[in-house]
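Enquirer: Have a look at this one.
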Amino acid sequence: MELEPLSTTTRRHRCSACYKQYKKKDHLLAHMKTSCHSVHDPKCGVCNKHCKSFESLREHIGGPLSKVNCSSIFAERGCILCLKICSSMDSLNKHKEMCHLTTPRPIDTVELYSESEMESYEISSIRSREAVAIDCEMVGGGSDCSLDLCARVCLVNEDEKLIFHTYVLPQIPVTNYRYEITGITEENLRDAMPLKEVRQIIQQILYNGESIGRARLDGGRAKVLVGHNLDKHLDCLKMNYPDHLLRYDIQVGFHDPFQNSVSVMRLYKRIHSQDHPIEGTKRVVSHSSLSFSKSSDSWKSMAHERMTPDELLEISRSNYKCWCLDSRESNC
């Protein structure tokens, strides 16, 4: 009589976020410590797998190695822009009306806020922090035209309303107007606003009546500033703004300052309006000593060893501040 083969089944420890599997619980704990999974991760609407970025999520649902079930459902009911999967085709069509927006109008066709509207807007009382998008157009200065000089600036609010726009008089002579990109001519800058005055107006809008000290401490009533390559814009304006109130994006191929500002505002609003569960809703997080942010000794604790993968995910926190937090009274 032949003997039955011995069972070689090995228990695997699977991460509840990214579904990676490990032979030992210690390996799973080490993974949870470094991965920083959280409710803010982009997540597949079909299998609920957490991804590190929207680009990796796009690969998961539509790349060459995508899962068949996820990719087929996304192809049928998924939004190609925000990657949301809707419950039906009707729901998808309604979603597209809000998500797939038309190109912003050129700035020359946009009406600027009136003085009375600006007065009511500048010192506004808002519950959640409001954002302002900025874009600057640069001309060239210096003997080799390599110095970036701010020659035009535009600010847009969350309703895509133009709240400030002006040509800016550079502090040194312009040697290259970069007309093919900026559309700016010598005539545009003849009666332009001095840089110092422009900076004062922008600061008045952004600080929103808040003191600089309070804005640097916790923001207060100051507004979040969003834009393409903000460091460069603030540098050319010779202006500083608290780092925790800055939101970044890469520059794309637009050259109209209003279209640029509206584009980055749309992107910002799309990201911070993502529907994320609130962190720390389960009983396990009430034990602060279990947090992964503690010293490395706690990783070998018996408490972690007894936790299920779902409980480990619950005490895990992201290592970045998600933009969705801007729309809440307090951080998660």
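The values are calculated or read from the model by the stated rules, or taken from the named source; none is laboratory data. All values reported here derive from a predicted model rather than from experimental measurement. Cβ: placed from backbone, ideal geometry, glycine included. Neighbour counts: every protein chain shown.
Enquirer: From the list Ile163, Ile181, exactly one residue is surrounded by fewer than 17 Cβ atoms within 10 Å (Cβ to Cβ) and either aliphatic (A, V, I, L, M) or touching a residue at least 60 places away in the same chain (Cβ under 8 Å) (or both). Which is it?
Expert: Ile181
Enquirer: Just to be sure, is Leu237 in contact with a Phe, Trp or Tyr (Cβ under 7 Å, 6 or more places away or on another chain), within 22 Å of Pro257 (Cα to Cα), surrounded by 15 or more Cβ atoms within 10 Å (Cβ to Cβ) and of a type in the set (A, V, I, L, M, F, W, C)?
Expert: no
Enquirer: Which numbered condition in (1) buried (at least 17 other Cβ atoms within 10 Å of the Cβ); (2) at pLDDT 80 or above; (3) assigned by TED's automatic domain parsing to the domain that holds Val224 is the only one that Asp243 fails?
Expert: Condition (1) is where Asp243 drops out.
Enquirer: With respect to Ile212, determine if the residue is farther than 18 Å from Val139 by Cβ, buried (at least 19 other Cβ atoms within 10 Å of the Cβ) and in the same structural domain as Lys238 (by TED's automatic domain parsing).
Expert: No.
Enquirer: For residues in the range 246-257 being assigned to a loop (DSSP other than H, G, I, E, B) and surrounded by 13 or more Cβ atoms within 10 Å (Cβ to Cβ), which is modelled with the lowest pLDDT?
Expert: Once the filter is applied, the top-ranked residue is Phe254.
For (1) in contact (Cβ under 8 Å) with a residue 60 or more places away in the chain; (2) within 21 Å of the chain's Cα centre (by Cα); (3) assigned to a loop (DSSP other than H, G, I, E, B), each residue gets a yes or a no:
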| residue | (1), (2), (3) |
| --- | --- |
| Cys18 | no, no, yes |
| Arg58 | no, yes, no |
| Cys82 | yes, yes, yes |
| Ser87 | no, no, yes |
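Enquirer: Identify, by number, the condition in (1) modelled with pLDDT under 70; (2) more than 30 Å from Cys44 (Cβ to Cβ) that Ser128 doesn't meet.
Expert: The single condition Ser128 does not satisfy is (2).
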